[in-house]
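*Asks:* Provided herewith is a single structure, encoded as C-alpha cells, for subsequent inquiry.
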Amino acid sequence: QVQLVESGGGLVQPGGSLRLSCAASGSIFSIYSMSWYRQPPGKQRELVAIITNNGITNYGDTVKGRFTISRDNAKMTAYLQMNSLKPEDTAVYYCHASTSFGNAWGQGTQVTVSS
C-alpha cells in the first residue's frame, strides 16, 4: 500500500504562485506514476498534471504553461509549481499515484485564489 500526504495549499492573490508537495510512503517501489487532480466547488475532479517514473509529463489544457509537475525520486515526493494563478484555479488539489496495488489518493489540500 502507498500513503500520500499533500502540503502547500493556501490563499493566494491572482497572479501569485504556490508550490504543492506530495510525500509518498509505504510500498513506493510499486508506484508507476504520480499526478495531481483538482476538484473545484460544485464540479467534478479533473486531471491537472501527471509525471511518470521516466519523467514524462502531461498537463491539462487549462494549466499548460503555468503549472509544472516534478518529482524527487530520492525523497519520493512530487511537486506542483503553480504560477500565474487565476480565481478559476480555486479547488481542492489531490495527489494521486498509480501503483501495482491500485490507485492511491491523498487527503487533499485547499487552494484559494482570491483578492
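The values are calculated or read from the model by the stated rules, or taken from the named source; none is laboratory data. Keep in mind that this is a model prediction, so the values were computed, not measured. All Cβ positions, glycine included, derive from the backbone under ideal geometry; neighbour counts span all protein chains shown. SASA here: full protein model, heavy atoms, side chains in, ligands and nucleic acids out. Shrake-Rupley method; radii C 1.70, N 1.55, O 1.52, S 1.80 Å.
*Asks:* With respect to residue 111, is the statement that it is touching a residue at least 24 places away in the same chain (Cβ under 8 Å) and open to solvent by less than 20 Å² (accessible area, probe 1.4 Å) true?
*Replies:* Working: touching a residue at least 24 places away in the same chain (Cβ under 8 Å): yes; open to solvent by less than 20 Å² (accessible area, probe 1.4 Å): yes.
Yes; evaluated as a whole, the condition is true for this residue.
*Asks:* Return the residue satisfying two criteria in turn: it lies in the range 30-77 and is of a type in the set (D, E, K, R) and in a loop (DSSP other than H, G, I, E, B), and of such residues it is nearest to residue 95 (Cα to Cα).
*Replies:* Here is the first cut: in the range 30-77, the residues of a type in the set (D, E, K, R) are 38, 43, 45-46, 61, 64, 66, 71-72, 75.
Then keep just the ones that are in a loop (DSSP other than H, G, I, E, B); that gives 43, 45, 61, 64, 66, 75.
Details: 43: 17, 45: 12, 61: 18, 64: 18, 66: 18, 75: 15 Å.
Within the range 30-77, the match that is nearest to residue 95 (Cα to Cα) is 45.
*Asks:* Working only within the range 63-104, note down all residues that are within 13 Å of residue 37 (Cβ to Cβ) and open to solvent by 20 Å² or more (accessible area, probe 1.4 Å).
*Replies:* Correct list: 92, 94, 98, 103.
*Asks:* Kindly indicate the residue of the range 90-115 that is part of a strand (DSSP E or B) and of a type in the set (Phe, Trp, Tyr) and also nearest to residue 3 (Cα to Cα) among those meeting that condition.
*Replies:* 105
*Asks:* Let me ask something additional. Consider residue 27 against the criteria (1) in contact with a strand residue (DSSP E or B) (Cβ under 7 Å, 6 or more places away or on another chain); (2) closer than 30 Å to residue 115 by Cα: it satisfies all of them except one. Which criterion is unmet?
*Replies:* Against the list (1) in contact with a strand residue (DSSP E or B) (Cβ under 7 Å, 6 or more places away or on another chain); (2) closer than 30 Å to residue 115 by Cα, residue 27 comes up short only on (2).
*Asks:* Only one of these conditions is not met by residue 59: (1) out of contact with any Asp or Glu (no Cβ under 7 Å at 6 or more places or on another chain); (2) in contact (Cβ under 8 Å) with a residue 60 or more places away in the chain; (3) open to solvent by less than 70 Å² (accessible area, probe 1.4 Å); (4) more than 19 Å from residue 4 (Cβ to Cβ). Which number is it?
*Replies:* Only one criterion is unmet by residue 59, namely (2).
*Asks:* Does the range 17-48 hold any residues that are surrounded by 15 or more Cβ atoms within 10 Å (Cβ to Cβ) and either touching a helix residue (DSSP H, G or I) at 6+ places or on another chain (Cβ under 8 Å) or within 18 Å of residue 85 (Cα to Cα) (or both), and which are they?
*Replies:* Across the range 17-48, the qualifying residues are 18, 20, 21, 36, 37, 38, 48.
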